[in-house]
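The values are calculated or read from the model by the stated rules, or taken from the named source; none is laboratory data. Keep in mind it's a predicted model, so treat the numbers as computed, not measured. Neighbour counts are summed over all protein chains in view; Cβ atoms, including those assigned to glycine, are modelled from backbone coordinates with ideal geometry.
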Amino acid sequence: MTIKDTPEEWEIRATETPFRGNKTSVRTDDVVMPDGSVVRRDYQVHPGSVAVLALDDAGRVLLIRQYRHPVRQKLWEIPAGLLDVPGENPLHAAQRELYEEAHVKAEDWRVLTDVYTTPGGCDEAVRVFLARDLSEAEGERFAVEDEETDLEYARVPVDELVRGVLAGELHNNCLVVGVLSLVAAQQGEGLDALRPAEAEWPARPFES
């Protein structure tokens with residue numbers, strides 16, 4: 001048996017969208033089960049996201065701290081954002097987010113990992129990039145609004161982040177997945193063996 005996720009789609013007898021928000025919506029599908037029964041499944045429809053684990057020459061990860069209202073916490077996170085434009089190249093979106101949220105640019109980009117954040121209730125797919133060879137971006141800083149006006153910044157060594165993840169002190173999924181994937185890659189074939197930044201992403205097909 002090959003341990004690999006594979007595409008599959010069961011028959012949908014009916015579908016409706018009871019809620020439409022600014023960026024996401026909620027869909028209800030009547031899905032035919034293997035035994036022939038039909039059950040209702042509600043889930044959030046999401047455009048997809050990108051996240052950036054930016055690693056500096058000192059082996060530190062660039063973090064931002066942001067208030068997240070649904071969980072009523074300020075979370076340490078890596079820069080991330082929505083794929084606002086259908087078919088948008090995720091690398092371009094990641095470069096934009098790193099600039100807008102941290103005013104940083106990177107010369108070396110690779111795909112660290114691809115994940116579904118909560119596949120039992122949301123179709124959000126996230127591509128986490130590794131960005132290296134960092135420098136300050138040129139020009140004025142991006143004008144932020146809402147929760148982003150209260151951002152805090154830090155550069156934290158990888159081993160300190162691993163300790164915080166395993167101690168239950170850091171909870172943002174992109175940060176957790178990104179940091180642990182980074183360590184696995186470092187201990188495996190190395191960071192240069194990671195997929196190229198333009199690698200295919202079936203969950204969110206894009207134009208080059």
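Inspect all residues belonging to the stretch 75-93 and state whether any of them is of a type in the set (D, E, K, R), over 14 Å from the mean Cα position of the chain (by Cα) and part of a loop (DSSP other than H, G, I, E, B). Give the derivation first.
Kept after step one, since they are of a type in the set (D, E, K, R), are these residues of the stretch 75-93: 77, 84, 88.
Filter once more, keeping what is over 14 Å from the mean Cα position of the chain (by Cα): 88.
If we keep only those that are part of a loop (DSSP other than H, G, I, E, B) too, we end up with 88.
Checked the stretch 75-93: at least one residue is of a type in the set (D, E, K, R), over 14 Å from the mean Cα position of the chain (by Cα) and part of a loop (DSSP other than H, G, I, E, B).
Which residue out of Asp150, Asp133 is at pLDDT below 95 and not basic (Lys, Arg)?
One residue alone meets the criteria, Asp150.
Out of all the residues in the stretch 17-30, which are assigned to a strand (DSSP E or B) and either surrounded by 12 or more Cβ atoms within 10 Å (Cβ to Cβ) or on the phi > 0 side of the Ramachandran plot (or both)? Don't jump to the end; show me each part of the working.
Of the stretch 17-30, the ones assigned to a strand (DSSP E or B) are 17-20, 25-30.
Within the stretch 17-30, Phe19, Ser25, Val26, Arg27, Thr28, Asp29, Asp30 qualify.
Given the condition surrounded by fewer than 16 Cβ atoms within 10 Å (Cβ to Cβ), modelled with pLDDT of 95 or more, closer than 19 Å to Asp114 by Cα and of a type in the set (Gly, Ala, Ser), answer yes or no: does some residue in the stretch 167-187 qualify?
Yes, the stretch 167-187 contains at least one residue that is surrounded by fewer than 16 Cβ atoms within 10 Å (Cβ to Cβ), modelled with pLDDT of 95 or more, closer than 19 Å to Asp114 by Cα and of a type in the set (Gly, Ala, Ser).
Output the residues belonging to the stretch 96-133 that are buried (at least 20 other Cβ atoms within 10 Å of the Cβ), more than 13 Å from the chain's Cα centre (by Cα) and assigned to a helix (DSSP H, G or I).
Of everything in the stretch 96-133, those that are buried (at least 20 other Cβ atoms within 10 Å of the Cβ), more than 13 Å from the chain's Cα centre (by Cα) and assigned to a helix (DSSP H, G or I) turn out to be Glu101, Ala102.
Give the stretch 31-59 a look and list any residue that's assigned to a strand (DSSP E or B), of a type outside the set (Ser, Thr, Tyr) and within 19 Å of the chain's Cα centre (by Cα), or say none.
Gln44, Val45, Val50, Ala51, Val52, Leu53, Ala54, Leu55
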